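Read-outs: derived from the displayed coordinates by stated rules, not from any lab. Please read all numbers here as calculations on a predicted model, not as lab measurements. Here the Cβ is made from the backbone with ideal geometry for all residues, glycine too, and neighbour counts use every protein chain on show.
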There are 2 protein chains.
Amino acid sequence: MLPVVIPATLPIPGAPVRIGDTLEEIETPALLVDLDHLETNIARMAKLFQGTRARLRPHAKAHKCPAIAHLQLARGAVGFCCQTVSEAEVLVVEGIADVLVTNQIVDPHKLDRLAALSRRAAVAVCVDHPEQVHQLEAACVRQDSRLGVLVEVDVGGGRCGVPPGSAAANLAERIAGSSRLHFAGLQAYNGKAQHLRGIEERRAAAVNAAEHASVAVAAVASRGLVCESVTGGGTGTFLFDLEAGLLTEIQAGSYALMDADYARNQSEPRTTFAQALQVLATVISRPAADRAVIDAGLKAIAFDSGPPEPLDLREARCQRPSDEHCELVLGGAAQSLSIGQKLRLAPGHCDPTINLHDWLVAVRGDRVEALWPIAARGYRWPGQSS
Amino acid sequence: MLPVVIPATLPIPGAPVRIGDTLEEIETPALLVDLDHLETNIARMAKLFQGTRARLRPHAKAHKCPAIAHLQLARGAVGFCCQTVSEAEVLVVEGIADVLVTNQIVDPHKLDRLAALSRRAAVAVCVDHPEQVHQLEAACVRQDSRLGVLVEVDVGGGRCGVPPGSAAANLAERIAGSSRLHFAGLQAYNGKAQHLRGIEERRAAAVNAAEHASVAVAAVASRGLVCESVTGGGTGTFLFDLEAGLLTEIQAGSYALMDADYARNQSEPRTTFAQALQVLATVISRPAADRAVIDAGLKAIAFDSGPPEPLDLREARCQRPSDEHCELVLGGAAQSLSIGQKLRLAPGHCDPTINLHDWLVAVRGDRVEALWPIAARGYRWPGQSS
């Protein structure tokens with residue numbers, strides 16, 4: 001299946017560039033995706049899943065971009081994870097048939113939209129409290145629909161989720177007892193584990209998560225219920241999750257685009273992904289020999305996982321971002337950088353960086369090959385406020 | 001002059017709420033502006049400028065919102081600062097007649113748009129290198145227009161800008177020598193000074209900035225040139241800039257909306273502003289007595305200047321944000337917080353928080369009074385890529 005490429009003959013109002021343009025012609029700051037790297041990453045992950053029993057359900061919160069979702073689907077993804085109802089709505093509108101909201105939804109309007117969406121696609125959602133189950137059931141009654149529901153178990157992340165024993169089993173029973181809900185299994189994700197730097201640290205965290213999840217599976221089984229799906233894992237731990245063998249679905253998302261933070265994880269060559277996501281910036285000021293200022297700051301790049309890293313320049317590092325600026329500290333040959341020069345940066349954290357932009361400029365080598373709307377950014381269901 | 005209020009009778013596709021709704025009915029995460037606080041802040045600042053020689057030119061990068069700009073204009077603002085060409089374009093389209101881009105612009109497309117914009121409004125821009133002057137001149141020739149140009153002087157911020165002596169004077173002469181450019185004065189802004197916590201620290205930084213700027217004024221004068229405008233200052237230093245008496249224009253922007261970081265500055269009561277900008281969030285999970293999880297994370301709130309601060313709850317603090325989550329550590333009475341409950345947060349940094357949203361929900365007390373598009377967020381000039 002091909003990505004949703006916008007025809008090159010149509011100039012797109014508000015798009016940052018035209019198809020066929022070179023990197024030099026792109027107005028900055030712009031968010032780029034290197035198509036060669038993206039395709040390599042998606043193919044590499046597909047290959048790693050061959051011969052395993054687990055399915056890949058990539059997290060679409062990372063890219064919010066249906067074009068990338070379709071590339072992943074063409075390489076074996078079974079469906080997608082979303083973090084919000086609006087992300088799920090966008091994916092379904094764009095032809096994705098199976099979405100899992102890996103989150104608790106409690107707003108009545110959102111619950112209605114989620115329940116309505118389940119008439120158009122396979123839709124599941126997570127809970128960690130009976131009150132959420134009650135609200136989901138009520139929304140399904142209002143919308144005359146059914147939802148898949150997973151119990152979120154805390155497997156070491158310490159964010160949402162119930163403990164893996166009787167609390168998980170109680171919730172599973174409550175779900176299974178509802179004529180409007182379908183008990184679909186367990187959400188067993190540990191976000192903290194993804195960013196542990198050492199291979200053995202991440203392996204140990206994955207084993208620990210699998211142990212917690214297997215306690216929950218057994219507790220649920222003791223009530224005569226089966227977990228169709230046990231879903232979790234991410235770009236940092238998927239290899240160890242596959243080894244542990246408990247998860248039926250892996251939720252890795254960042255692998256397709258990558259960021260500087262994930263690149264700091266130690267990894268084997270076969271699980272090393274290329275930096276497909278890049279921010280293109282321009283040098284706007286050269287106030288000192290060892291200092292340049294670029295036009296990409298807090299409004300173009302997320303800094304929560306550290307500063308971006310220049311890809312084209314050795315001996316340059318980013319510091320002191322402000323709204324529309326970032327300083328580059330320059331050494332050696334990097335000091336030849338001049339006003340107007342463009343450079344590419346690897347953002348520290350891909351998800352919130354993408355969320356700052358409305359378009360992904362898809363480049364191959366030096367040329368723009370496609371323009372992809374980041375369709376789920378800021379999206380709201382048409383008429384939701386009418 | 002009244003703000004641009006969208007008629008209450010029109011449901012707005014994609015808007016997060018309807019006019020007249022209560023806080024409880026707003027889908028979260030949502031960006032709120034408390035209108036009573038906003039009006040108080042704008043009036044307070046207007047009063048502080050009475051009897052001074054300086055003019056207030058608020059920075060619109062903070063809000064990106066024409067409705068707020070018009071409220072500021074009605075209370076004596078002489079025009080606006082922008083950080084990008086697209087911000088300036090939006091303001092001019094929305095009826096603002098005087099804009100200063102407090103930044104270096106080097107992209108040829110942006111230069112053309114800036115030069116074209118100067119046929120519709122008073123437009124000025126900053127430079128800190130002869131190359132930028134050359135490019136501005138060429139754009140004005142292409143667009144058959146004229147631009148005001150200010151020399152940016154480094155007055156202690158260490159970001160952009162030339163030293164205040166002969167380098168500044170050389171640039172001023174170069175500008176004044178162009179038939180297409182008008183030498184409009186000096187940009188003398190120190191961003192670092194705004195966030196020094198102590199009153200005396202900020203006063204000293206303002207005095208130091210004024211001393212640097214006066215060196216530049218003298219250097220320029222020695223070439224027979226007059227600085228019409230010497231512009232700088234911000235929400236942290238404006239009172240001390242007014243005392244120092246050198247700046248003809250003050251660029252404060254954050255005072256209208258405020259954030260938790262500025263609130264940490266020590267200040268006198270008369271220069272203390274109310275927290276008008278608020279993020280509304282919902283508790284989606286209560287996994288432990290001392291922990292709640294809300295639905296506002298890195299994609300709804302900027303964390304570069306620290307976590308947001310709960311406004312309705314004592315004994316609660318935010319930590320460990322992820323894309324769509326933030327943990328609340330709860331003590332005492334805050335432990336009664338339940339799933340579905342909404343709470344308001346003061347973001348750490350207003351500018352990049354606003355940039356994450358498409359709408360400002362303007363509330364008075366518990367009711368939505370207006371919906372304001374954050375029109376300059378992600379804006380691109382129609383047809384700029386055609």
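General remarks:
- Modelled this way, with points 7 Å down the Cα-to-C-beta line, the labels at B:Gln319 and B:Val226 are 6.0 nm from one another.
- Zero-based 10 Å bins, Cα pair distances in chain A, whole percents: 5, 23, 30, 24, 13, 5, 1, 0
- Where only DSSP H runs of four or more residues are counted, chain B gives -8500 deg cm²/dmol as its mean residue ellipticity at 222 nm, each run worth -39500 (n - 2.57).
- At R0 = 41 Å, FRET efficiency that the Cβ-Cβ distance of B:Asp312 and A:Glu173 yields, to 0.05: 0.70
- Degrees between helix B:130-143 axis and first principal axis of chain B (Cα, 0 to 90, nearest 10): 90
- Most simply put, the protein assembly as shown has about 50% antiparallel DSSP beta bridges, counting only bridges with both residues inside it.
- Compactness check for the stretch B:53-127: Cα Rg over 2.2 N^0.38 Å is 1.02.
- Copies compared at A:Glu24 - label distances in nm, ascending, label defined 7 Å from Cα in the Cβ direction: 6.2
- Between A:Thr40 and A:Arg120, the simple spin-label model (points 7 angstrom out along Cα→Cβ) gives 3.7 nm.
- On full extension, the segment bounded by A:Val207 and A:Arg364 gains 52.6 nm, given 0.36 nm per residue less the C-alpha separation.
- For the stretch B:148-197, the set of trypsin sites (Lys or Arg not before Pro) satisfying both a DSSP loop assignment and a count of at most 12 other C-beta atoms within 10 Å is given as B:Arg197.
- Beta bridges from DSSP with both residues in chain B: antiparallel share about 50 percent, rounded to the nearest 5.
- The long axis of helix B:108-117 is offset from the longest Cα principal axis of chain B by roughly 90 degrees.
- Charged-residue dipole, Cβ positions (Lys, Arg, Asp, Glu), the stretch B:151-219 about Cα centre, Debye nearest 20: 180
- Net charge, B:Thr52 excluded, C-beta distance under 13 Å - Lys, Arg +1, Asp, Glu -1: 0
- Within the stretch B:35-266: Cβ-based charge dipole about Cα centre, in debye rounded to nearest 20 (Lys, Arg +1; Asp, Glu -1): 240
- Residue pairs, from the table B:Lys192/B:Lys342; A:Lys192/B:Lys192; B:Lys110/B:Lys192; B:Lys47/B:Lys110, whose Cα atoms sit over 30 Å apart: B:Lys192/B:Lys342; A:Lys192/B:Lys192; B:Lys47/B:Lys110
- Mean separation of Cα contacts under 8 Å (6+ apart) over length of the stretch B:123-229, as relative contact order %: 29
- Copies compared at B:Arg367 - label distances in nm, ascending, label defined 7 Å from Cα in the Cβ direction: 6.0
- Reciprocal of mean inverse Cα separation for the protein assembly as shown (Kirkwood radius, Å): 27.2
- The mean sequence separation of alpha-carbon pairs under 8 Å and at least six residues apart, normalised by the residue count of the stretch A:35-266, gives a relative contact order of 19 percent.
- Label geometry 7 Å along the beta-carbon vector: A:Glu315 inter-copy distances in nm: 5.8
- Student exercise, the protein assembly as shown dipole from Lys, Arg, Asp, Glu Cβ charges, in Debye to nearest 20: 360
- Exposure proxy ranking, count of Cβ atoms within 10 Å, fewest first, for A:Ile339, B:Ile26: A:Ile339, B:Ile26
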